[in-house]
Amino acid sequence: MLRPLFIAVQFLTRLPVPSAHEVNERHVGYSLLFYPLVGLIIGAVLAALHWLLTGTSATLAAALLVVTWILITGGLHLDGLADSADAWIGGLRNRERTLAIMKDPCCGAMGVVALVAVLIVKFAALETLVTTGDWIAL
């Protein structure tokens, strides 16, 4: 039962875990059951960092938490967000153009705007948690 856990950790994070050899569809399916546990692990790492940063300014702590969050997850969802924003705006309801934009490895203006907006919101939310002492929300 550890193989699905390792698959979930490998997919959702950049945390080092033993390599899952001989992976099949069943293992991948069972890995979904461990996604909440992986989220709890990510939250625990961020909460531990928050505890280590006790006494630093809320702004610095929030910035370090955002950067750590990105490093732990490898920016997996941020890349998808940027691709989706570029394709949604740039595709202009043209299916072929939308798919071509999604395949393009370059990030367009709307992708950058979406990334900046999400990271600002994450930063502000984390700064609020640090300021109010609600670290358990992590």
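The values are calculated or read from the model by the stated rules, or taken from the named source; none is laboratory data. Because the structure is a prediction, the values reported are computed rather than measured. Neighbour counts are summed over all protein chains in view; Cβ atoms, including those assigned to glycine, are modelled from backbone coordinates with ideal geometry. Calculation scope for accessible area: heavy atoms of the full protein, side chains included, ligands and nucleic acids excluded. Shrake-Rupley method; radii C 1.70, N 1.55, O 1.52, S 1.80 Å.
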_Candidate set from the range 91-122 (those that are closer than 27 Å to Ser57 by Cα and free of Cβ contacts under 8 Å to residues at least 12 places away in the same chain); member that is least open to solvent (accessible area, probe 1.4 Å)_ = Ala117
_Tell me the residue from Leu52, Leu33 that is within 19 Å of the chain's Cα centre (by Cα) and on the phi < 0 side of the Ramachandran plot, please._
Leu33
*Among Thr59, Thr68, which is polar (S, T, N, Q), under 29 Å from Leu138 (Cα atoms) and loosely packed, with under 14 Cβ neighbours inside 10 Å?*
Thr59
*Can you tell me which of Val23, Val17 is over 30 Å from Trp135 (Cα atoms) and surrounded by fewer than 17 Cβ atoms within 10 Å (Cβ to Cβ)?*
Val23
*Restricting to the range 123-136, what's the tally of residues that are in contact with a helix residue (DSSP H, G or I) (Cβ under 9 Å, 6 or more places away or on another chain) and surrounded by fewer than 16 Cβ atoms within 10 Å (Cβ to Cβ)?*
6
*Among the residues of the range 7-37, which ones are touching a residue at least 12 places away in the same chain (Cβ under 8 Å), in a helix (DSSP H, G or I) and under 15 Å from His77 (Cα atoms)?*
Ala8, Val9, Phe11, Leu12, Tyr35
_Filter result for Val121 (part of a helix (DSSP H, G or I) and either under 25 Å from Val9 (Cα atoms) or basic (Lys, Arg) (or both))_ = no
*Single unsatisfied condition, Ala87 versus (1) open to solvent by less than 30 Å² (accessible area, probe 1.4 Å); (2) under 29 Å from Val38 (Cα atoms); (3) more than 15 Å from the chain's Cα centre (by Cα)*: (2)
*If you check Leu49, Leu129, which single one turns out to be assigned to a helix (DSSP H, G or I), in contact with a Ser or Thr (Cβ under 6 Å, 6 or more places away or on another chain) and at pLDDT 90 or above?*
Leu49
